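Novice: One structure is given below, represented as structure tokens, and several questions about it will come after.
The values are calculated or read from the model by the stated rules, or taken from the named source; none is laboratory data. A quick note: this is a predicted structure, and the numbers were derived from the prediction, not measured. Here the Cβ positions follow ideal geometry from the backbone for every residue, glycine too, while neighbour counts run over all protein chains shown.
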Amino acid sequence: MRAVWYESPGPAAEVLQVGELPDPAPGAGEVRVRLTRSGINPGDTKKRADWVGYGMPFPRVIPHSDGAGVIDAVGEGVDPARTGRRVWVFGAQSYRPFGTAAQLTVVPADQAIDLPDEISDDVGASLGIPGITAHRAVFADGRVSGQTVLVHGVLGGVGSLAAQLAAWGGATVVATVRRHGDLARAKPTAAVHVVALDGADPASAIRDHAPDGVDRIIEVSFSDNIDLDAAVAKNQTIIAAYASREDRPSLPFWPMLFDNITIRLIGSDDVPPEAKKRAAAELTTAAREGALSIATGVPLPLEQAAQAHDRVDAGARERVLLAIPT
């Protein structure tokens, strides 16, 4: 099979290789997917760069956890009728060496989700890491119907899906962007009110839409926003954080304590299996119903994987995809 891989961490152009590797075979409980698209996330490029200094988890890594394609083989214990079905894939390179930057990938059967005809391969390959993270952030602590949910970083992959899922779940959504000039890009709907964080008083602007405070906060930069979050929280607010600029953030302890605030930290690779299963099912349903809009760029060929990684590292707003040759 044609594939992209690396055998040492480093800059994309220096370590990513493109060539031929042996075709994988599915083991018990697994399926093999012939891919059409590979989705690239910031987590994929951070792994390649070894940003936390853990070193190589395996001698050779085929990157990327998300993708879409067609099941072409199944392992023992998997219904043979799944062969030939379109699927979207998540977690292909989560604690596993070989992800979706290849013509073929093998994953546990429950990580290949049937892809309805209404959903394109581009969208399917964009659901995994950002979608499961967003779903967990919004719904880990119960349904949100009738609540007010604050979503920071609505232009990002997770933030955009979190806002849409919260609205799909019946919440009033208040979202933020970093700069006033980004407001038009946020494309607010009737369900989403957007506030720029560089305004004179973003807390007051948020409270204009949530006078009594917000019920849940989806946080992309915990260390930067925690004082603002405390200012717009109410008693029993839940802050679900999936990223932080500083790894040891400080926080206003006593005001948050008096409001009985809960802080939930979310790492997408380690979401409980049942929560992943529920997220995958509900993401598929929401996408089929037209509740999710995902901006995707023109897919790049497999041979341009390094350029694709550089686009992600440069902060591309559209999902960056690879087109996998058949």
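Novice: Cβ contacts < 8 Å: first residue more than 21 Å from Pro325 (Cβ to Cβ), restricted to the stretch 22-37; second residue among the acidic types (Asp, Glu) and assigned to a loop (DSSP other than H, G, I, E, B), any location; separation 6+ or different chain. Result?
Specialist: Close Cβ pairs (under 8 Å, with a partner that is among the acidic types (Asp, Glu) and assigned to a loop (DSSP other than H, G, I, E, B)) amount to Gly27/Glu76; Ala28/Glu76; Gly29/Glu76.
Novice: Quickly run through the stretch 83-110 and pick out the residues that are crowded, with 24+ Cβ neighbours inside 10 Å, within 17 Å of the chain's Cα centre (by Cα) and hydroxyl-bearing (Ser, Thr, Tyr).
Specialist: Of everything in the stretch 83-110, just one residue is crowded, with 24+ Cβ neighbours inside 10 Å, within 17 Å of the chain's Cα centre (by Cα) and hydroxyl-bearing (Ser, Thr, Tyr), namely Thr100.
Novice: So, one more: Looking at the structure I just gave you, is Asp247 acidic (Asp, Glu), assigned by TED's automatic domain parsing to the domain that holds His152 and modelled with pLDDT under 95?
Specialist: Answer is yes for this residue.
Novice: I'd like the full set of residues that are at pLDDT 95 or above and part of a loop (DSSP other than H, G, I, E, B), limited to the stretch 57-83.
Specialist: Phe58, Pro59, Arg60, Pro63, His64, Ser65, Gly75, Glu76, Gly77, Val78, Asp79, Thr83
Novice: When you check Val123 against the structure, is it more than 20 Å from Gly267 (Cβ to Cβ), assigned by TED's automatic domain parsing to the domain that holds Ser94 and among the aliphatic types (A, V, I, L, M), yes or no?
Specialist: Numbers: more than 20 Å from Gly267 (Cβ to Cβ): yes; assigned by TED's automatic domain parsing to the domain that holds Ser94: yes; among the aliphatic types (A, V, I, L, M): yes.
Yes, satisfied.
So that you can scan it fast, the table gives a plain yes or no per residue for (1) under 30 Å from Ser223 (Cα atoms); (2) in contact with a helix residue (DSSP H, G or I) (Cβ under 8 Å, 6 or more places away or on another chain); (3) in the same structural domain as Ser223 (by TED's automatic domain parsing):
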{"residue": "Val107", "(1), (2), (3)": "no, no, no"}
{"residue": "Asp114", "(1), (2), (3)": "no, yes, no"}
{"residue": "Ile119", "(1), (2), (3)": "no, yes, no"}
{"residue": "Arg136", "(1), (2), (3)": "yes, yes, yes"}
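Novice: While we're here: Which residue is farthest from Glu246 (Cα to Cα), if the candidates are limited to the stretch 199-224 and must be in contact with a Leu (Cβ under 8 Å, 6 or more places away or on another chain) and assigned to a helix (DSSP H, G or I)? Please lay out each step first, then the result.
Specialist: Residues of the stretch 199-224 that are in contact with a Leu (Cβ under 8 Å, 6 or more places away or on another chain), as a first pass: 202-203, 206, 210, 214, 216-218.
Subsequent filtering for residues that are assigned to a helix (DSSP H, G or I) retains 202-203, 206.
On the way: Pro202: 21, Ala203: 22, Ile206: 24 Å.
Among those that are in contact with a Leu (Cβ under 8 Å, 6 or more places away or on another chain) and assigned to a helix (DSSP H, G or I), it is Ile206.
Novice: May I pose another question? So if I check each of Asp212, Asp201, which one is surrounded by fewer than 17 Cβ atoms within 10 Å (Cβ to Cβ) and in contact with a Lys or Arg (Cβ under 7 Å, 6 or more places away or on another chain)? Please lay out each step first, then the result.
Specialist: Details: Asp201 fails: in contact with a Lys or Arg (Cβ under 7 Å, 6 or more places away or on another chain).
None of the others qualify; the one that does is Asp212.
Novice: Something else: Can you tell me which residue among Gly157, Gly170, Gly181 is in contact with a strand residue (DSSP E or B) (Cβ under 7 Å, 6 or more places away or on another chain), over 25 Å from Pro252 (Cβ atoms) and not aromatic (Phe, Trp, Tyr)?
Specialist: Values: Gly170 fails: in contact with a strand residue (DSSP E or B) (Cβ under 7 Å, 6 or more places away or on another chain); Gly181 fails: in contact with a strand residue (DSSP E or B) (Cβ under 7 Å, 6 or more places away or on another chain).
From the options Gly157, Gly170, Gly181, the qualifying one is Gly157.
Novice: Next question, about the same structure. Name the single residue, out of those in the stretch 47-69 being of a type in the set (A, V, I, L, M, F, W, C) and in contact (Cβ under 8 Å) with a residue 12 or more places away in the chain, that is surrounded by the fewest Cβ atoms within 10 Å (Cβ to Cβ).
Specialist: Phe58
Novice: While we're here: Would a scan of the stretch 242-258 turn up a residue that is surrounded by 14 or more Cβ atoms within 10 Å (Cβ to Cβ), aromatic (Phe, Trp, Tyr) and under 28 Å from Val271 (Cα atoms)?
Specialist: yes
So that you can scan it fast, the table gives a plain yes or no per residue for (1) touching a Cys at 6+ places or on another chain (Cβ under 7 Å); (2) under 22 Å from Ala316 (Cα atoms); (3) exposed (fewer than 15 other Cβ atoms within 10 Å of the Cβ):
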{"site": "Glu14", "(1), (2), (3)": "no, yes, yes"}
{"site": "Ala25", "(1), (2), (3)": "no, no, yes"}
{"site": "Gly29", "(1), (2), (3)": "no, no, yes"}
{"site": "Gly39", "(1), (2), (3)": "no, yes, no"}
{"site": "Thr45", "(1), (2), (3)": "no, yes, no"}
{"site": "Glu76", "(1), (2), (3)": "no, no, yes"}
{"site": "Ala81", "(1), (2), (3)": "no, no, yes"}
{"site": "Ala112", "(1), (2), (3)": "no, no, no"}
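Novice: Looking at Lys234 and the list (1) in a loop (DSSP other than H, G, I, E, B); (2) among the charged types (D, E, K, R); (3) surrounded by 13 or more Cβ atoms within 10 Å (Cβ to Cβ), which single condition is not satisfied?
Specialist: (1)
Novice: Sort out which residues of the stretch 211-231 are of a type in the set (Gly, Ala, Ser) and over 16 Å from Arg178 (Cα atoms), and write them in order of number.
Specialist: Selection gives Gly213, Ala230, Ala231.
Novice: State which residue is farthest from Ile132 (Cα to Cα) when the search covers only the stretch 259-275 and only residues that are of a type in the set (Val, Ile, Thr) and surrounded by 15 or more Cβ atoms within 10 Å (Cβ to Cβ).
Specialist: By that ranking, first place goes to Ile261.
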